[in-house]
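S.K.: Structure in structure tokens, see below.
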Amino acid sequence: MIARMMKWSLLTMLCLAGAIAVSLAIGILLAFQQGAGPENVDQPFESRLFIPPVLQAEKMDDGRRFHLDVTEASHSFINGLVTPTKSFGLSYLGPTIRARKGERIRIDVRNHLRQSTTVHWHGMILPAAMDGGPHQAIPPGNTWHAEWEILNEAATYWYHPHSMHRTGREVYEGLAGFLIVDDDNSDALSLPADYGETDIPLLIQDRQFNADGSFSYEADPRDLLGRPGMLGDTILANGTVGAFVELPRTLVRFRLLNGSNARRFNLAFADNRRFHQIATDGGLLEEPVEMTRLMLSPGERAEIVVDLSNDSDSVMMISRPIYDRNIFFTGFKTLVGSTRDENQGFSILELRPVNDAAADAELPARLTSMPELPADDGHPDLHVQLSGNRINRQVMDHDRIDHVSRADSHEIWEIEALDMPHPFHVHGVQFRILSRDGAQPPANERGWKDTVLVHQDERVRILVPMPPFADRRIPYMFHCHILEHEDAGMMGQFLVVDDRHEDAGVSDDAGVVGASHH
Ligand code: C2O
Ligand code: CU
Ligand code: CU
């Protein structure tokens, strides 16, 4: 009996050791090879990339006014099938809103849907009442007037709904658009800036389709290892499946936006060419950063410049499988056949150089200057633990304020992810990454950010300059930008107050917030 038990446990141990060894081997293999073929390799890239039109505005006395419609629509993505969608007045997605730093804009958002929704200006530094988070619901048939002065620097931002528990579905069905800010500094630089010609907005998403062409959306997909969020097997570039874009043989800028619900992209080119990142979420980098891979998690943006002056053949923009920090875990996932984003590569967009080379273009050596970072020491003002669709072990509660900040102050927040990587996003601010596990962030992450990918078992410290707007009733949100996690409650609320609100405290204001909404 004892001998049998010993034999059994020996066998178990051997199996376990075997599994660990195989996982490790696969992990290491992935780490070094990093180039498994794309999943959609057989798909033709024969559809012209859709470029969202720029939204026209009316002049007002003190600024410009835009109209945005939230509508039911339909669009054909694959095989001539019709997909029911939602959009901002198009058949899928929305027009590009373009504004200047210092300008006052007003956006009238009309909700033509049968349910209430909201429109959030992701990345904007604005008063909480204009943020478009869950606190600014627009009932069906109503119009919401958002109005603010653009304080942000030139960069690529975006807008999308933020309804409680429905954000994932609404974005999935097509509600997303670009918001591009220009300023004097960026105008003065010689960067590719011809919208749709040398300056290409590129919203990348993955989608899952049913056989009849409709979107196959699951609000809470689960696999063996947890809840990865909604992943799909079809890649959309500005809504185009199998997209190509014709480009002049010169420097070309891409304004990349990961508009996926849950998928990270490890962007690269099929020929492994170098490119330069010039901007992060909320502004230009001090200088262009040369790279061959760019990790973009849901909600993040990056502007890159690619040199096509020596190209005669087309080149594919791809996403490579991701090698996560935890080699063993990555290997294990591969072993159990997980179809999470780590293990998948995709072709995204075919770049087709067309005309003669333009005069040799060169990137400016210097793009902007960033304020000096303070020493990263001391106790964080807020500690955020991300795990299991919860923040600090709690799900979002409309009637609970999780943190109170002072307008115009600087805070250090420390964020850690326990169970998987989570892209952490803060409303109303542009922050700086102070450190990742105590080390300086990579060069391409030293610009203004509003969303940061926090890897599993990692501690990220960020410096958050609080907005100059105080409001003791309406909070801003912070959350995971995997939309299924956000919808499941991986979100918190913070108030920004000033001296007039000396008495604002967590328990005190929780009541105020609740009272204003029930
Ligand atoms: Cu783009 Cu609250 O998010
Ligand atoms: Cu946001
Ligand atoms: Cu998450």
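Where a number appears in this text, it was derived from the coordinates with a stated rule and is not lab data. Keep in mind that this is a model prediction, so the values were computed, not measured. Virtual Cβ from ideal backbone geometry, glycine too; neighbours counted across all protein chains shown.
S.K.: Provide the FRET efficiency to the nearest 0.05 for the ASP184-LEU224 pair, computing r from the beta carbons and using R0 = 56 Å.
M.R.: 0.60
S.K.: Can you give the FRET efficiency to the nearest 0.05 for GLU149 and LEU418, using r as the Cβ-Cβ distance and R₀ = 30 Å?
M.R.: Working from the Cβ atoms, E equals 0.15.
S.K.: Note down, for region 363-509, the three equivalent ellipsoid semi-axes (square root of 5 times each alpha carbon gyration tensor eigenvalue), biggest first, whole angstrom.
M.R.: Sorted largest first and rounded, they come to 25, 21, 13 Å.
S.K.: Checking understanding here: applying a Kyte-Doolittle mean of at least 0.5 and a length along the axis of at least 20 Å (C-alpha), which whole DSSP H helices in the chain pass?
M.R.: 2-33
S.K.: In nm, what is the difference between 0.36 nm times the number of residues separating SER116 and ARG500 and their Cα-Cα distance?
M.R.: 134.9 nm
S.K.: Relative contact order of region 216-308, please, whole-number percent, based on alpha carbon pairs below 8 angstrom and at least 6 residues apart.
M.R.: Normalised by residue count, the contact order of region 216-308 is 31 percent.
S.K.: In addition: From the alpha carbon gyration tensor of the chain, can you work out the equivalent ellipsoid semi-axes (sqrt of 5 times each eigenvalue) and give them in Å, largest to smallest?
M.R.: 34, 31, 24
S.K.: Projected onto the charge dipole of region 57-111 (+1 at Lys/Arg Cβ, -1 at Asp/Glu Cβ, origin at the Cα centre), which of GLY89, ILE78, ILE107 gives the Cα projection farthest towards the positive end?
M.R.: ILE107
S.K.: Multiply the residue separation of ALA365 and ARG100 by 0.36 nm, subtract the distance between their alpha-carbon atoms, and state the gained length in nm to one decimal.
M.R.: Result for the pair: 93.0 nm of gain on full extension.
S.K.: Run lengths n ≥ 4 of DSSP H only: what is the helix-derived mean residue ellipticity at 222 nm for the chain, with -39500 (n - 2.57) per run over all residues, to the nearest 500?
M.R.: The helix-only estimate for the chain comes to -4000 deg cm²/dmol at 222 nm.
S.K.: Oh, and also: Given a cut-off of under 8 Å on Cα pairs at least six residues apart, what relative contact order in percent is computed for the chain?
M.R.: 16
S.K.: Run the paramagnetic zone check for ASN210: 7 angstrom along Cα to Cβ, then residues of region 219-238 with backbone nitrogen under 19 Å.
M.R.: From region 219-238, the list is 219-222, 230-234.
S.K.: Now a separate question. Could you order the peptides 477-488, 398-409 from most to least packed, using the average number of other C-beta atoms within 10 Å per residue?
M.R.: So the peptides 477-488, 398-409, ranked by packing, come out 477-488, 398-409.
S.K.: Relative contact order for region 178-246: what is it in percent, counting Cα pairs under 8 Å that are at least 6 residues apart?
M.R.: 28
S.K.: Grab the Cα-Cα distance for ASP376 and HIS398, subtract it from 0.36 nm times how many residues apart they are, and report the gain in nm with one decimal.
M.R.: 4.7 nm
S.K.: Now for a different question. Using alpha-carbon positions, what is the distance between the centroids of region 125-166 and region 410-440, in Å?
M.R.: 23
S.K.: Between ASP108 and VAL336, how high is the FRET efficiency from 1/(1 + (r/R0)^6) when r is the Cβ-Cβ distance and R₀ = 41 Å? Nearest 0.05.
M.R.: With a Förster radius of 41 Å, E is 0.25.
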